[in-house]
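This report concerns only the one structure given below.
The values are calculated or read from the model by the stated rules, or taken from the named source; none is laboratory data. The structure displayed is predicted, hence computed values, not measured ones. In this analysis, Cβ positions are derived from the backbone assuming ideal geometry, glycine residues included, and neighbour counts consider all displayed protein chains.
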Amino acid sequence: MTKDTKKEILAAIDRPLRIGTRQSPLAMAQATMVANALLSIHGWRPDQVELVPMIASGDKIQDRALADIGGKALWTKELDRALGNGEIDCAVHSMKDVETIRPGEFILAAMLERADVHDRLIGADSIDALAERAVVGTASPRRKAQLLRQRNDLDIRLIRGNVQARLKKIEDGEYDATLLAAAGLKRLDMDDIGAEISNEIMLPAPAQGAIGVEVRSEDSHVRRLMHAISSTNTFRAVTAERLFLEQLTADCHSPVAAMATVDGATIHLRAEILLPDGSQFVDGKSSFDTGDVSAPGILADTLLGQASAELKAVFGR
């Protein structure tokens, strides 16, 4: 970006740039990362950005699985309303919580460099080390299925709340263990907690570890501001994972995992689909050029083609 271009962009913002975010501690930490990246790359003063926190529906409802009451939209609809109404200039999302099909009035303008994609087990040193019939809390169909694939004796129960609330439930003995994303723990300065689970055992959720910034499609000035902080490789990898997910027509009840890595001009995508009880799964991988937007969907169709009728039905096929 040239010096003249920076001046042009800055001239278009005559007030602090308003960054919308959920108000949970993790979401606020992620929005702060976006703010700091903007301050650094554009040479702004701290008062040239403003965090606008709001409570998402997903944060209000703590006694039911979100898949039963609206899915991922419960993480985004308040931010969508504020962005659409011009109350904020951009919205920061944990990309694994963003629906694959989004309103046309918005566009993903940036993704920060991806963090650790692993899951971490809290409460035991490994899945094998869990006691027989241990009570493990998770709200993720993927994690539940992957755990039961390894240990079908485990008692998997719903757990909700932010990271701190879930850790308190383990401490209080409500659950024997839980799983949390390593990326979130790192962003909360808690990366010394729990045991890392290998991706060979638990392939992560599509877009896990990635922070995205959404803006109004028509807002070219803010789009250019965000482009300057975006990681090209993260954007390419996460886009591939989301294209895979979109082709599956998966919903929040569907256990699915995907992880893409970028090596020069090539994307390597690994993925799997599972029955909710972990008793069946199909996995596969594909390598393709970074510009090939059809390959992730082809991998999805390949996995579905190898699946049993019971497994296909989980994905509406």
Evaluate the following for Ala110: is it part of a strand (DSSP E or B) and at pLDDT 95 or above? yes
Can you tell me how many residues in the stretch 22-39 are free of Cβ contacts under 8 Å to residues at least 12 places away in the same chain and touching a strand residue (DSSP E or B) at 6+ places or on another chain (Cβ under 8 Å)? 1
Hey, could you check the stretch 136-180 for residues that are among the charged types (D, E, K, R) and part of a loop (DSSP other than H, G, I, E, B) and say which is surrounded by the fewest Cβ atoms within 10 Å (Cβ to Cβ)? Asp172
Residues that are without any contact (Cβ under 8 Å) to a residue 40 or more places away in the chain, outside the structural domain of Ala165 (by TED's automatic domain parsing) and under 13 Å from Pro296 (Cα atoms): list the strands (runs of 3 or more DSSP E) wholly contained in the stretch 182-284 that include at least 2 such residues. 256-263, 266-274
Tally the residues that are touching a helix residue (DSSP H, G or I) at 6+ places or on another chain (Cβ under 6 Å) and surrounded by fewer than 20 Cβ atoms within 10 Å (Cβ to Cβ), restricting the search to the stretch 238-253. 3
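Each row is one residue, and each column tells you yes or no for (1) at pLDDT 60 or above; (2) surrounded by 15 or more Cβ atoms within 10 Å (Cβ to Cβ); (3) acidic (Asp, Glu); (4) not in a helix (DSSP H, G or I).
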| site | (1), (2), (3), (4) |
| --- | --- |
| Ile19 | yes, yes, no, yes |
| Leu38 | yes, yes, no, no |
| Arg64 | no, no, no, yes |
| Glu78 | yes, yes, yes, no |
Single condition Leu269 does not satisfy, out of (1) buried (at least 19 other Cβ atoms within 10 Å of the Cβ); (2) at positive phi: (2)
Scan the stretch 78-117 residue by residue and report those that are closer than 16 Å to Ala37 by Cα and touching a Cys at 6+ places or on another chain (Cβ under 9 Å). Ala109, Ala110
